Amino acid sequence: MMAGGKLKVVVFGAYNAGKSTLIQTLDPSARHVEAHTGEGDTTIALDYGRVVVHALNVYLFGTPGQDRFEFVRQIIARGMDAAILVVDCSVPPDEFTLHLYSAISGQRVPLAVILNKCDLPDACPADLEKIFQNAMVFAVCARDKAAVTAALTRFIESFMKEL
C-alpha cells in the first residue's frame, strides 16, 4: 500500500473496453490523455482519477488498450497495490484481453475483473465469469455510478484487512 492511507489501483483492458468511462464515472473530474482517430477517441498515455473508499485515498490509473503501448502499461503498473481488468462482455474476449489477464494474475496483487457493457443485448457476463474465475468478477455498466462504486468498494474491502 502506498504510504499515508493511499492505494494505487491500475485499470487495464483492451481498446474500447470502457476503462476511461469507468474512471470518469467514479471521478467526474478525472484527467484523460487521448488522441482523436478515425475510429474515435482513444487513450494514448493514461487516465487518472481519485476517489475515497473508507477513508482510504484510491488513485486510479487507466492504461492504454492497444498492444503497442505495452511500455506505458509497464511504467504505470510499477508499484501498483491492486489491478482492475475491464472487459467488454458484449463480445468474446480477444487474445490481448486474455494476455492481460494472465500477466496481471502473475503480479501477486489483488485483481478484479469488471465485465462492462452488461446492458447491451449481446452481453454474456455468465460465460465470461468462467474464464476469469481466479479473480473477483463484477458485471456492470461502466456508466452506472452506483454499480461501479459498489464494485470498487467491495473489491477494496476484500483485501483491506491484509493492508
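Between ASP144 and MET160, the modelled label-to-label distance comes to 2.2 nm, taking each label 7 Å out from Cα in the direction of the beta carbon. A simple spin-label model places the labels of SER29 and THR153 2.1 nm from each other, with each point 7 Å out along Cα-to-Cβ. For region 94-163, the list of chymotrypsin sites (Phe, Trp or Tyr not before Pro) that fall in a loop by DSSP and count at most 11 other C-beta atoms within 10 angstrom is empty.
For the chain, with equal point scatterers placed on the C-alpha atoms only and solvent neglected, what are the log10 I(q)/I(0) values from the Debye formula at q = 0.12, 0.13, 0.16 1/Å, to two decimals? Results for the chain at q = 0.12, 0.13, 0.16 Å⁻¹ read -0.46, -0.55, -0.86. Each Cα pair under 8 Å and six or more residues apart adds its separation to the average, and for region 6-160 the resulting relative contact order is 24 percent. Computed from the C-beta positions of LEU120 and ARG78 and an R0 of 35 Å, the FRET efficiency is 0.55 to the nearest 0.05. Straightening the chain between ALA103 and GLU129 buys 7.6 nm, computed as 0.36 nm per residue apart minus the Cα-Cα spacing. Per residue, the chain reaches -9000 deg cm²/dmol at 222 nm when only DSSP H runs of four or more residues are counted, each adding -39500 (n - 2.57).
Quick check on the chain: of the DSSP beta bridges with both residues there, what percent are antiparallel, nearest 5%? If I count the DSSP bridges inside the chain, around 40 percent turn out antiparallel.
Springs between Cα atoms under 10 Å define the GNM used for the chain, and in it the highest mean-square fluctuation of ALA151, ALA103, ALA83 occurs at ALA103.
Coordinate-derived values only; no laboratory data. As the structure is a prediction and not an experimental result, all values here were calculated from the model. Cβ sites come from the backbone with ideal geometry, for glycine too, and all protein chains shown count toward neighbours.
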